[in-house]
Each structure stands twice: as structure tokens, then as C-alpha cells.
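The values are calculated or read from the model by the stated rules, or taken from the named source; none is laboratory data. Just so we're clear, the structure is a prediction, and the values are computed from it rather than from any experiment. Counting neighbours? That spans all protein chains shown, and the Cβs are built from the backbone with ideal geometry, glycine included. Surface areas here come from the heavy atoms of the whole protein model, side chains and all, with no ligands, DNA or RNA. Shrake-Rupley method; radii C 1.70, N 1.55, O 1.52, S 1.80 Å.
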Amino acid sequence: MTPIEYIKENNLEWQPSFSGSITSTLHGYRGALIIEEGKRLSETRVMPPKSQARQVVMVSENEKIKFFSCELETFGYFKEFFTKYGEFFDKDSVNLLYVIDLDADGTFEYEGVKFSAFVLDESSVWNEVLDFASLEKSDLKKLSSEEKIEKVYDEVISTPQEEISKTYDEMVALMGNTKKALMGAV
């Protein structure tokens, strides 16, 4: 089963903006993924998810996720997230987590899979990933959704990562009380 088949079969996508093939072998997804479902009010009505991986950018090939990035409101969601989606990651996946309540960045290994976690305070995951890959929005301006995800994926997998190695427990200890700053008209 591919990651996207699993996501669709279990109704785990939330407000997707793109889900489809980006090449003959790669599948792209942008949107949110449910970590913990919201309360079911009836057969057809469900409250918004209690927890989710937001602003997901994911590229998968067959049964494995090749690239994954998302926003986590709290690092405390990570274990439940990995329990739900972990089977699709492997040691070769490039995984970037942008976490609101971390006080510092770090790269950690969890069940044989490496994740780089970064503090996210004001920006969006998309902008952070573009910055990580040394891309400008103008580089993507005239591309289709598929081409944008493919371009970002190609750049990210060829970008060397600066790692600040930590253990999972050290990352948990970096959780603070930070809340995301909301930007907009005043």
C-alpha cells in the first residue's frame, strides 16, 4: 500500500490543495494530515482534527515517502504522528519538521528514521522549505502545482543538511511554551 492509498483509505487527508502524480513514479501531496481525529457528531459530520500535521509537502514513490515536511503545533504530536505514518518512512527519507514549541533546532533518529526539526515561529512551511533548498518564489512562478513540488523535491534531496545531532529525548526536552505568532492585517 502506498502512503497516499493509506491516507485516502483511512480518511486522513485534511484540506488538501494538491494530491497527484508529479512524475511517472512520484506522487505529491500538499495539505494537512490528521494525527488525531475530531469528534464524530454523526455519520457524515466530524469536528476538525484534534491534532494534525499542517502544511504538509510530501513526495512518495511506491510504498515509501521520499520527502516529507510539515508544521507540528507541538513536538508532543510527533510520537502519535509516527505511530500513524511511520511505516512509510525509511532511512533514506528526507524529513523536515517545523515545530512551533521547540526552543532550538536538532536532528534526531526515531526507529531508524532521521528527522530534522526546526523552530517555526512566523513563517510557513513552504517558505521554510524554499529557504532550505535555496529557492526563490520567482524560481517557481510559472510552474504548475506538480512542477513546483517536483522542483522543490529535486532541490531538497540534493541539498546537504547541516545537522545538530540530538537524541529524541533531547528534542523532547527542547519543548517550550511558544505559540505561533499570527500575522495579518492590524
Checklist outcome for this item: Whole-Hz Karplus couplings 3J(HN,Hα) for region 56-72, θ = phi - 60° and coefficients 6.51, -1.76, 1.60, Gly and Pro as x, run 5, 10, 9, 10, 10, 9, 6, 8, 10, 7, 8, 9, 9, 9, 6, 9, 10
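Test of the criteria: in region 32-81, which GluC sites (Glu not before Pro) are in a DSSP loop and have at most 10 other Cβ atoms within 10 angstrom of their Cβ?
Taking region 32-81 and a limit of 10 other Cβ atoms within 10 Å, the loop GluC sites (Glu not before Pro) found are Glu43.
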Checklist entry - Taking all protein chains as present, what is the carbon and sulfur share of the accessible area of region 31-186, in % to the nearest whole number, probe 1.4 Å? => result 45 percent
Checklist outcome for this item: Once the in-chain neighbours fewer than 8 apart are removed, the lysines whose Cα is under 17 Å from Lys137 read Lys148, Lys151
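Can you give the local net charge around Thr83? Use residues other than it whose beta-carbon is closer than 11 angstrom to its beta-carbon, Lys and Arg +1, Asp and Glu -1. Don't jump to the answer; show the numbers that get you there.
On the way: positive: Lys79, Lys84; negative: Glu36, Glu80, Glu87, Glu111.
Around Thr83, the surrounding residues sum to -2.
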Checklist outcome for this item: Diffing region 156-166: the Karplus 3J(HN,Hα) column from phi (6.51, -1.76, 1.60, θ = phi - 60°), in whole Hz with x for Gly and Pro, holds 5, 5, 9, 8, x, 9, 7, 10, 10, 5, 9
Checklist entry - Rounded to the nearest whole Å², what accessible area per residue is found for the chain with the 1.4 Å probe? => result 55 Å²
Item to check | At q = 0.23, 0.26 Å⁻¹, base-10 log of I(q)/I(0) for region 1-57 (Debye sum, equal scatterers on each alpha carbon) | outcome: -0.93, -1.09
Item to check | Expected-Rg normalisation [2.2 N^0.38 Å, Cα atoms] applied to region 32-128 | outcome: 1.11
Item to check | Pair Glu146, Ala173: separation of 7 Å Cα→Cβ label points (nm) | outcome: 4.8 nm
Checklist outcome for this item: the chain: antiparallel bridges as % of DSSP beta bridges, rounded to 5, reads 70 percent
Checklist outcome for this item: Reduced to Cα centres, the span from region 120-136 to region 34-89 in Å works out to 20 Å
Checklist outcome for this item: Longest the chain segment clear of trypsin sites (Lys or Arg not before Pro) sitting in DSSP loops (not H, G, I, E or B) with at most 16 other Cβ atoms within 10 Å runs 92-140
Checklist entry - For the chain, what class follows from the C-alpha gyration tensor (a ≥ b ≥ c being the square roots of its eigenvalues): rounded when a/c is under 1.5, otherwise prolate if a/b is larger than b/c, else oblate? => result rounded
Checklist entry - So what is the 222 nm mean residue ellipticity for the chain from helices alone, if each DSSP H run of at least 4 adds -39500 (n - 2.57) and you divide by all residues, rounding to the nearest 500 deg cm²/dmol? => result -6500 deg cm²/dmol
Item to check | Cβ-defined net charge surrounding Asn10, 13 Å radius [Lys, Arg +1; Asp, Glu -1] | outcome: -4
